[in-house]
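*Asks:* One structure coming up, written as structure tokens, with questions to follow.
Values in this text are rule-based calculations from the coordinates and carry no lab data. Please read these numbers as outputs of a predicted model, since none were measured by experiment. Note that each Cβ is placed from the backbone with ideal geometry, even for glycine, and that neighbours are counted across all protein chains shown.
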Amino acid sequence: MDGNDNLIFRKAEEKDIEQLVILMNSQYLRKKSKDYFLWQYFNSYYPTILICAFINDELIGMFGLQTRYLENGIKVGQAIDLLIKSQWRGQGVFKQLYQEILRYCNDIDILCVLANFNGKQVSEKVIGCKTLAKIDSLCLQINDYQSQLKLSCLAKNWQINKNSYLHSFLYSPEIIYWRFQSHPDYQYEKIFIDENNWTIIKIFQDSVTGHKYGDIVAINYQYDQVNNLITLLEKSISQLKHKEAKTITLWAMPHNLLYQIVNDLNFEKLEQERYFCIKVINPDYNYLYDFSNWDLVQSDSEIY
């Protein structure tokens, strides 16, 4: 690659979308359309940038970055859609894409990525990220669904640490509208108790098997109100069952209350190659290298 004058890096433009679709769909089973790129990069609620690498006008790599906030105001740059054509991997393209994108995010406190195994490896090597955890899905087969009476009885047994603060991404009404109601690929539904207790659910149907998965993609609850969390789970599972989901999936961190509850409800771990990696830019937040400070949900990733 050294000395190749035809290799250029620049911000994506709408005219590039056709090539972006081809590159992404060559890498993943879940196919994306033009509408995804318009929504994610050109009409995003978040300040979002996509840097592309071209050789002789052919797209060979992409690196997206969204500027998001945690609920307490910490500014996070989240890397998304990190892709390099296979024949160009290991030749420094990712490093140059990263260096280009740094020009647009010099005021963030933390950089993070929810990556597959290859993304994890390159994020550690090139960006200097630390991998905090492997994020597996938790799944419940509808046939194993516990009764409401069982849920209510279980509530007495859980330990709640009211002094622990878990960092999670901000979902304001404006973000919720863009992220869910405006999404081009999925239809979401909000299960609502009040402004502090709600879930977002959707159905995903496997195009090959026809199996319907009910995803609880986001869940917001007050950590000291167990009954509200139980009610949210009951309502969400019931609605997804009504929509003919055969399997319910969600994320729950091993150190939070939700994990204790779904573990008792026979949710089982589904091993997936998904890793949460961060690089702390502002040293005031070095404590966030400890994964026990985090609470993540499916919709924190761009693929749900």
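*Asks:* May I ask what percent, to the nearest 5, of DSSP beta bridges between residues of the stretch 199-256 are antiparallel?
*Replies:* On the way: 7 of 10 bridges.
Of all bridge pairs located within the stretch 199-256, approximately 70 percent are antiparallel.
*Asks:* State the Cα centre-to-centre distance between the stretch 21-36 and the stretch 59-74 in whole Å.
*Replies:* 19
*Asks:* Could you please rank SER236, SER164, placing first whichever residue has the fewest other Cβ atoms within 10 Å of its Cβ?
*Replies:* SER164, SER236
*Asks:* Computed over the Cα atoms, what is the radius of gyration of the stretch 137-271 divided by 2.2 N^0.38 Å, N being its residue count?
*Replies:* Working it through for the stretch 137-271, the quotient is 1.04.
*Asks:* Net charge near LYS75, counting Lys/Arg +1 and Asp/Glu -1 over other residues with Cβ under 13 Å of its Cβ?
*Replies:* -3
*Asks:* Still on this structure, I have one more. Only Lys, Arg, Asp and Glu count, each charged at its Cβ (+1, +1, -1, -1), so figure out the dipole size of the chain about its Cα centre, rounded to 20 debye.
*Replies:* The calculated dipole for the chain is roughly 400 debye.
*Asks:* Among the aspartates and glutamates, select those whose C-alpha is under 15 Å from the C-alpha of LYS34, and discard any that sit fewer than 8 residues away in the same chain.
*Replies:* Leaving aside aspartates and glutamates fewer than 8 places away in the same chain, those within reach of LYS34 are GLU13, GLU14, ASP16, GLU18, ASP81, ASP185.
*Asks:* Let me ask something else about it. Can you give me the distance in nm between label points at GLN99 and GLU189, each placed 7 Å from the Cα along the Cα-to-Cβ direction?
*Replies:* In this crude spin-label approximation the distance works out to 5.1 nm.
*Asks:* Now for a separate question. Arrange TRP158, TRP178, TRP251 by Cβ neighbour counts within 10 Å, fewest through most, would you? Don't skip to the end; give the middle numbers.
*Replies:* On the way: TRP158 13, TRP178 16, TRP251 25.
So the ranking, lowest neighbour count to highest, is TRP158, TRP178, TRP251.
*Asks:* I want the local charge near ILE191. Using Cβ-Cβ distances under 14 Å, sum +1 for each Lys or Arg and -1 for each Asp or Glu among the other residues.
*Replies:* Working: positive: LYS190, LYS202, LYS235, LYS241, LYS243; negative: GLU189, ASP194, GLU195, ASP215, GLU234.
Overall, the nearby charge balance is 0.
*Asks:* While we're here: Relative contact order of the chain: what whole-number percent is it, with Cα pairs under 8 angstrom and at least 6 residues apart?
*Replies:* Numbers: 521 pairs, mean separation 64.1, N = 304.
About 21 percent, as a whole number.
*Asks:* Right, another one. Among PHE169, PHE54, PHE94, which one moves the most in a GNM of the chain with springs linking Cα atoms closer than 10 Å?
*Replies:* The residue that fluctuates most here is PHE54.
*Asks:* Now for a separate question. Report the local net charge at TYR41: Lys and Arg +1, Asp and Glu -1, summed over other residues whose C-beta lies under 12 Å from its C-beta. Each step should come with its number before you reach the end.
*Replies:* On the way: positive: LYS11, LYS32, LYS34; negative: GLU13, GLU14, ASP16, ASP35, ASP81, GLU302.
Net of charged neighbours comes to -3.
*Asks:* Identify, among ALA12, LEU258, TYR285, the residue whose Cα sits farthest towards the positive end of the charge dipole of the chain, taking +1 on the Cβ of Lys and Arg and -1 on the Cβ of Asp and Glu, with the dipole about the Cα centre.
*Replies:* Of the listed residues, the answer is LEU258.
*Asks:* Also: Test of understanding: what is the full-extension gain from LYS130 to PHE54, defined as 0.36 nm times their sequence separation minus their Cα-Cα distance? Provide the component values of the computation, followed by the final result.
*Replies:* Details: separation 76, 0.36 × 76 = 27.36 nm, distance 2.90 nm.
Additional length available on full extension: 24.5 nm.
*Asks:* Quickly estimate the mean residue ellipticity at 222 nm for the chain, helices only: each DSSP H run with n ≥ 4 gives -39500 (n - 2.57), and the total goes over all residues, rounded to 500.
*Replies:* Counting only the DSSP helices, I get -6000 deg cm²/dmol.
*Asks:* Just how large is the dipole of the stretch 29-87 about the Cα centre, in debye to the nearest 20, putting +1 at every Lys and Arg Cβ and -1 at every Asp and Glu Cβ?
*Replies:* My answer is approximately 180 debye.
*Asks:* Over 25 Å between Cα atoms: which of LYS32/LYS120; LYS75/LYS125; LYS11/LYS202; LYS190/LYS279 fall into that group?
*Replies:* LYS11/LYS202; LYS190/LYS279
*Asks:* Right, another one. Would you be so kind as to identify which of SER33, VAL93, THR131 lies farthest towards the positive end of the dipole of the stretch 7-133, taking Lys and Arg as +1 and Asp and Glu as -1 on Cβ and the Cα centre as origin?
*Replies:* Toward the positive end, the furthest listed residue is THR131.
*Asks:* With +1 on the Cβ of every Lys and Arg and -1 on the Cβ of every Asp and Glu, and nothing else charged, how large is the dipole of the stretch 7-133 about its Cα centre, in debye rounded to the nearest 20?
*Replies:* For this selection, approximately 340 debye.
*Asks:* Taking the Cα-to-Cβ direction at ASN72 and at GLN239 and moving 7 Å from each Cα, how far apart do the two end points lie in nm?
*Replies:* Each label point lies 7 Å from its Cα, and together they span 3.0 nm.
*Asks:* Using a 10 Å cut-off around each Cβ, can you sort CYS52, CYS105 from fewest to most neighbouring Cβ atoms? Let's see the in-between values first.
*Replies:* Numbers: CYS52 23, CYS105 18.
Least to most surrounded, the residues fall as CYS105, CYS52.
*Asks:* I need the fraction of alpha carbon pairs in the chain separated by more than 25 Å, rounded to a whole percent.
*Replies:* Distances greater than 25 Å cover 52 percent of the Cα pairs.
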